[in-house]
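> Take this structure, written in structure tokens, and hold onto it; I'll ask about it next.
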Amino acid sequence: MINILTMLDAQQITLQFLETKLQVHPDVVRYIQEHNEPDLIERIIAQVPRDTIVVSSKHIPGLNATKDGTRFLTDPSVEVISGSSGTSGAVNGTSDYLHYFRDRYNRLGNMIRSRCGGMPIEALTRNSRYRQEECTIIGMVVDMKTTTNGHRIVEIEDSSACISVLFRKDRPVFSDAERIIHDEVIGVKGKLSSDGKIFFGEQLYRPDIRIDNTPYTSELPGTAVFISDTHVGSNTFLDECWNRFADWLSDSDFSYLLIAGDLVDGIGIYPNQESELVIKNIYEQYDAFGQMMQDLPSRMKIIISPGNHDVVRGAEPQPEIPRQFTHKFPSNCILVENPALVNLQGVRVLMYHGRSIDDMIGLIPGASYEQSGLMMEEMLQRRHLAPAYGRRTPIAAGKTDQLIIDPLPEILHTGHVHIRGLTQYRGILGINAGTWQSQTAFQKQMNVNPTPAEAVVVDLQTLRPEIRTFG
């Protein structure tokens, strides 16, 4: 049997399970690390059924499935929990920045603190008694750099002080540390150096989703269809594919259609865009989209949020599309902001267009547009839709951070990257619904290969997704 160090090592935990011919899910490894109970491994091994191959969270003693909050079914069956008209707030220059970042730090920090505690950075550095003694600190990432030896130094800040955290490249935590991005809130377990100038990080905590999180499902039959990025007005919009999709919806009994932004291609979004438009007037683009909605079954509820190509401000959260552009939308359309949390028969859907995926791909090693499912997992682990501030995704700083993922949804619905992606992460279904636009000249230049003319269908009683293709 392997000797367990004071701070449990992921590789050692895995090896101890392998000694008994058991594989172990990474969520279980992280849970054991966070609780730092060496005998927990033996207790898990002792009680797993004989036919077990992979040890999962259901095998952890005393860990029972939990649901986030209480659900109240509404009448009508669609309820906009957040992101209804007028809630995105005005852009107030720099006056709300302090409130914004304090709100982010406090709310995300409390999620971490509920699992691992934590002490103020100032108290740690001012009192010599804590030096070289294991403890946990929680802060927002200010800056990062790589040393000449390949180690990672991350500067984090709480409401009391800043400190530099060193993650050594030869330690198991280093792979997690490489994925740290600006402005996310993290917890770090480790020890302060003897001179009090640097903190040696050994374990990383993120707000994350509880591993025993269990999704709500609808008590009544109901089916939702998820799409995004129709880009009406573009010369690459797929009319024939859309008509097949509309005919298919007419022959179905589906209850809901959710569209996560970029309804139209817009005007002046990128240089020389006018050469790629078949509808060059923004009002006419929305009129054409509205007519498409008129042709869909009136019994369906259609929930529509904006994206960066739509005629709203670029800064997130984005307000709903103004009424002067939507007068041809039928009455069964429900306009929401970006992001928006919608309740469908008790199933929460978080709609977010997904512009921050651009930033995350640039900041996380190995990330790519083909991995939109993994990018949604990165959002869920950080409990934030757009963690990195001041990059390609403009964010309107208000008194509260409306991009924090709280409360938890059952489904996270994104778009933007034009590549379909699906993921299941700790009870949450992530859907990126692709696009209804074929490859553009810019995408061809960037070697981005979209997955057009697809829809994702989800049964609200089982939350199982199915992909339907209309190309």
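The values are calculated or read from the model by the stated rules, or taken from the named source; none is laboratory data. The structure presented is a predicted model; accordingly, all values stated were derived computationally and were not measured. We place every Cβ from the backbone using ideal geometry, glycine too, and count neighbours over all the protein chains shown. We work out accessible area using only protein heavy atoms, side chains counted, and drop any ligands, DNA or RNA first. Shrake-Rupley method; radii C 1.70, N 1.55, O 1.52, S 1.80 Å.
> Report, by residue number, each residue of region 455-471 that is more than 12 Å from I411 (Cβ to Cβ) and either among the basic types (K, R) or in a loop (DSSP other than H, G, I, E, B) (or both).
Correct list: Q461, T462, R468, F470, G471.
> Turning to a different aspect of this structure: Tally time: how many residues in region 418-452 are more than 24 Å from the chain's Cα centre (by Cα) and among the aliphatic types (A, V, I, L, M)?
2
> So which residues in region 192-207 are closer than 20 Å to C116 by Cβ and polar (S, T, N, Q), if there are any at all?
If the condition is that a residue be closer than 20 Å to C116 by Cβ and polar (S, T, N, Q), then Q203 is the only one that fits.
> Something else: Considering region 420-454 alone, what residues qualify as being touching a strand residue (DSSP E or B) at 6+ places or on another chain (Cβ under 7 Å) and either of a type in the set (G, A, S) or part of a loop (DSSP other than H, G, I, E, B) (or both)?
Answer for region 420-454, where residues must be touching a strand residue (DSSP E or B) at 6+ places or on another chain (Cβ under 7 Å) and either of a type in the set (G, A, S) or part of a loop (DSSP other than H, G, I, E, B) (or both): R420, G421, R426, G427, G430, A433, G434, W436, S438, P450, A453.
> Among what's in region 240-296 and is among the hydroxyl-bearing types (S, T, Y) and surrounded by 19 or more Cβ atoms within 10 Å (Cβ to Cβ), pick the residue that is modelled with the lowest pLDDT.
S255
> Residues that are surrounded by fewer than 14 Cβ atoms within 10 Å (Cβ to Cβ) and at pLDDT below 85: list the strands (runs of 3 or more DSSP E) wholly contained in region 71-161 that include at least 2 such residues.
none
> So, one more: Scanning for something in a loop (DSSP other than H, G, I, E, B), out of contact with any Asp or Glu (no Cβ under 9 Å at 6 or more places or on another chain) and open to solvent by less than 40 Å² (accessible area, probe 1.4 Å), does region 187-200 turn up at least one residue?
yes
> If you go through region 325-335 one residue at a time, do you hit one that is of a type outside the set (G, A, S), open to solvent by less than 10 Å² (accessible area, probe 1.4 Å) and assigned to a strand (DSSP E or B)?
no
Table: residues versus (1) surrounded by fewer than 24 Cβ atoms within 10 Å (Cβ to Cβ); (2) not in a strand (DSSP E or B).
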site	(1), (2)
R348	yes, no
D359	yes, yes
A367	yes, yes
Q371	yes, yes
E377	yes, yes
A386	no, yes
G390	yes, yes
A397	yes, yes
Q402	yes, yes
